[in-house]
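These notes concern the structure reproduced below.
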Amino acid sequence: MLLYIRQVLCALDCRFALRMSFQALQSDGLILTMLSSETDADQYFVVYLRGGRLVASMASSSDSTATRSLTSRYRYDDANWWQVRR
């Protein structure tokens with residue numbers, strides 16, 4: 001996947017904030033991965049494109065019921081620069 005990330009800013013303080021700019025030329029691919037540790041990734045935050053739509057997935061423990069995912073309504077694989085803020 002050809003993907004350009006211009007800016008990624010993350011802050012964690014009882015809440016999670018993410019702001020990034022990206023440009024995608026393909027419909028599927030990994031944008032951002034944050035793991036609790038390299039050896040035991042039971043807590044993670046992932047942002048990726050699936051079918052051109054932006055997906056954010058987060059797990060807070062090894063319990064699968066604690067996993068949450070959000071998928072965008074719109075496609076972002078059109079080679080334009082996009083900004084995500086949440």
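Checking R73 against (1) loosely packed, with under 12 Cβ neighbours inside 10 Å; (2) modelled with pLDDT of 80 or more; (3) not in a strand (DSSP E or B), which test does it fail?
Going through the list (1) loosely packed, with under 12 Cβ neighbours inside 10 Å; (2) modelled with pLDDT of 80 or more; (3) not in a strand (DSSP E or B), R73 breaks only (3).
Being modelled with pLDDT under 85, in contact with a Ser or Thr (Cβ under 8 Å, 6 or more places away or on another chain) and not in a strand (DSSP E or B), is that true of even one residue in the stretch 15-33?
Checked the stretch 15-33: no residue is modelled with pLDDT under 85, in contact with a Ser or Thr (Cβ under 8 Å, 6 or more places away or on another chain) and not in a strand (DSSP E or B).
Taking M58 as meeting all but one of (1) over 13 Å from M20 (Cβ atoms); (2) modelled with pLDDT of 90 or more, write down the number of the exception.
So the condition that M58 fails would be (2).
The values are calculated or read from the model by the stated rules, or taken from the named source; none is laboratory data. Computed from a predicted model, the values in this text were never measured in an experiment. Every residue, glycine as well, gets a Cβ built from its backbone with ideal geometry; the counts of neighbours run over all protein chains shown.
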